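Below is one structure, written out as structure tokens; the observations come after it.
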Amino acid sequence: MDVILLERVEKLGHIGDVVKVKDGFARNYLLPNKKALRANEANRKVFEANRARIEAENAARRGEAEKEAGNFNDVSVTLIRQASNTGQLYGSVAVRDLVEALVADGHKVAKNQVVLNRPIKAIGVYEVTVALHPEVSVTVKVNVARSPEEAEMQSQGVDVMAAMFEKDETGFVEDYDPNAEPGATAEVQAEAPAADEGETAEG
């Protein structure tokens, strides 16, 4: 389907561009969210007649978004969640959780502004994009940890999971090697002479 864009759309184009998109994308997203019009003769005329107003409104919204973006310098939110020993969360961190954390922190953010391609399912520090306007985006650091102490370590750049695995692995190697190897060798040695004795006794 051909549509006329009413605002900039990532990877598609800018205001006034006529672009071809999949029917489902147009029907489910662009048209209901007033981001585009069907590209037919009547709509082209309507768009051209209102182009100056549409562009002026967009510029005003962009200006507000740019001002708001100034409040997002070095913004980070910390979410404390329960997780397994491997760092996998029981549940996941979704857009709603991020919006609540940012609003609690004093930022005006709507769910449709948070760009999270997939829910966060493990502890760690993530960078999430918040699109305040189609042409203005900011990046927010999201620190997901099991405790405030762990969050503090992660904020200082410590990879908590890697540090934990190193500790586990060294412990594992020490416990495992000395017992397993000599044990296996001893059994083989014990069996071999017994078998020999049996043969000599029969012979």
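Some observations on this one:
- Neighbours of ALA56 by Cβ distance under 14 Å: Lys/Arg scored +1, Asp/Glu scored -1, total 0.
- Residues LYS11, LYS121, LYS45, sorted so that the one with the fewest Cβ neighbours within 10 Å comes first: LYS11, LYS45, LYS121
- Where a label projected 7 Å from the Cα of VAL46 along Cα→Cβ would reach, residues of region 6-31 with amide N under 17 Å: 6-7, 16-19, 26-31
- One chain, two ends: LYS34 and ARG53. Fully extended at 0.36 nm per residue, the span grows by 5.3 nm beyond their Cα-Cα distance.
- Separation of the alpha carbons by more than 20 angstrom is noted, of LYS111/LYS141; LYS67/LYS108; LYS11/LYS141, for LYS11/LYS141.
A short reminder: the numbers here are calculations on the coordinates, not readings from a lab. Bear in mind that the values here come from a model prediction, so they are computed numbers and not experimental data. A quick note on method: Cβ atoms are made from the backbone with ideal geometry, for glycine too, and the neighbour counts reach across all protein chains shown.
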